[in-house]
Amino acid sequence: MERKRVFSGVQPTGNIHLGNYLGALKQFVDLQETNDCIYCIVDMHSITVPQDPEELKKHILDVAALYLAVGLDPKKSIIFVQSEVSGHAELSWILTCNSYTGELSRMTQFKAKSKGQESAPTGLFTYPVLMAADILLYDTDIVPVGNDQKQHIELTRDIALRINHKYGDTFVVPEGRYLKEGARIMGLDDPTSKMSKSAENDMSRISLLDDPGKIKKAIMKATTDSDGVIAFDPENKPGISNLLNIYSALTEESITSIVNRFDGEGYGTFKKALVEVVTDSIAPIRERFDKIRESDELIDILKDGSRRANDIAEPVLERAKERFGLGIR
Ligand code: AMP
Ligand code: TRP
């Protein structure tokens, strides 16, 4: 099969959780074997909401180390930090001038994040345009992301098609790649909202850096229902269905097979088994993380990554500027 250009990004806000891992990072690792992959730490996206500068610096390196700890290989993939490649901000402006306030107002992530605020930061509003710039800057074919990003990918495609139509072929029109089952991991305390880095209750998520005690507590306390039957029914039994999803995504055993195996058992038994699966999956990642985070190599890998990213980005940015008649050449 032909190699494709793959691009994706994760925000350095808080620790990577199981939702990020199963929805995004696990796919990143699989894709790097047969494609040209670029994985970004999107720090400029993270300042769309206020960040503590010290914390942000730390989180950027944490995410970079986690990328490597889950199995991304800098020999196979380009790993870099968004703000180190200036083309993202430059292309973002060109795209901003070719997007509409109407379409941006319809983005559900913007609506959710700006809810209750009388006036939201402009960056929160134009967030999806910067994301479109990230993707279009590398002539990306495929964008592996969680289901929650579908609307942003559609917007990216719309903007690319619009510019190609008006100014002649400029951008590759990318496709999103989403996981089917397990694409959306829900909060453990509230299985009707997605697991997120920003939810207040720490028991709502499992971070890849959590210790076994915390993992056990969060899973044993996870919200289920009162009928006590282990069955997959996201609509009526969102709690247990979410736990089944996590179990299946980590072990790659089908949900039907898991349900059959635990037939007649109580939620407690299943939860204990899940604690074991999650702990065993995460332990080696944590171990690798600790080693990588302390090594000097991490900064060298990121520097090399931004050089290589920039080499790909520059001609694409030049092409876009040329189409719009910008600059003196
Ligand atoms: P973020 O934490 O928003 O930077 O997300 C990084 C990646 O993880 C994106 O591809 C998201 O779609 C994915 N993601 C975030 N939360 C979840 C979740 N609860 N379930 C599945 N994927 C998720
Ligand atoms: N918006 C994405 C998220 O919250 C992160 C992101 C920024 C991204 N730029 C991207 C994902 C480009 C894929 C491609 O998860």
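Okay, here's what the table says:
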item: Per-pair calculated FRET efficiency, R0 = 41 Å: Y100 and D290 via Cβ, rounded to 0.05; result: 0.30
item: Choice from K26, K57, K115 with maximal GNM fluctuation in the chain (Cα, 10 Å cutoff); result: K115
item: Helical mean residue ellipticity (222 nm; -39500 (n - 2.57) per DSSP H run of 4+; nearest 500) of the chain; result: -16000 deg cm²/dmol
item: Alpha-carbon centroid distance for the pair region 97-111 / region 284-300, whole angstrom; result: 38
item: Hull volume in cubic angstrom per residue (convex hull over the Cα atoms of region 129-215); result: 120
item: DSSP H segments from the chain that extend 15 Å or more along their own axis, Cα-based, with Kyte-Doolittle mean of 0.5 or above; result: 122-136, 238-251
item: For C37, C97, order by how many other beta-carbon atoms lie within 10 Å, fewest first; result: C97, C37
item: Cα gyration tensor shape of region 1-150, rounded if a/c is under 1.5, else prolate or oblate by comparing a/b with b/c; result: prolate
item: Range of Cα positions in region 202-290 per principal axis (Å), largest first; result: 41, 25, 21
item: K150/T256 FRET efficiency (R0 22 Å; Cβ-Cβ; nearest 0.05); result: 0.25
item: Exposure proxy ranking, count of Cβ atoms within 10 Å, fewest first, for K113, K321; result: K321, K113
item: Pairwise centroid distance, computed over Cα atoms, of region 160-219 with region 1-77, Å; result: 12
item: Linear extension gain, K217 paired with E318, 0.36 nm per residue minus alpha-carbon span; result: 31.1 nm
item: Mean Cβ count within 10 Å, highest first, over the residues of peptides 279-292, 98-111, 203-216; result: 203-216, 279-292, 98-111
item: Relative compactness, the chain, computed as alpha-carbon Rg over 2.2 N^0.38 Å; result: 1.04
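A short reminder: the numbers here are calculations on the coordinates, not readings from a lab. These numbers come from a predicted model, not from an experiment. A quick note on method: Cβ atoms are made from the backbone with ideal geometry, for glycine too, and the neighbour counts reach across all protein chains shown.
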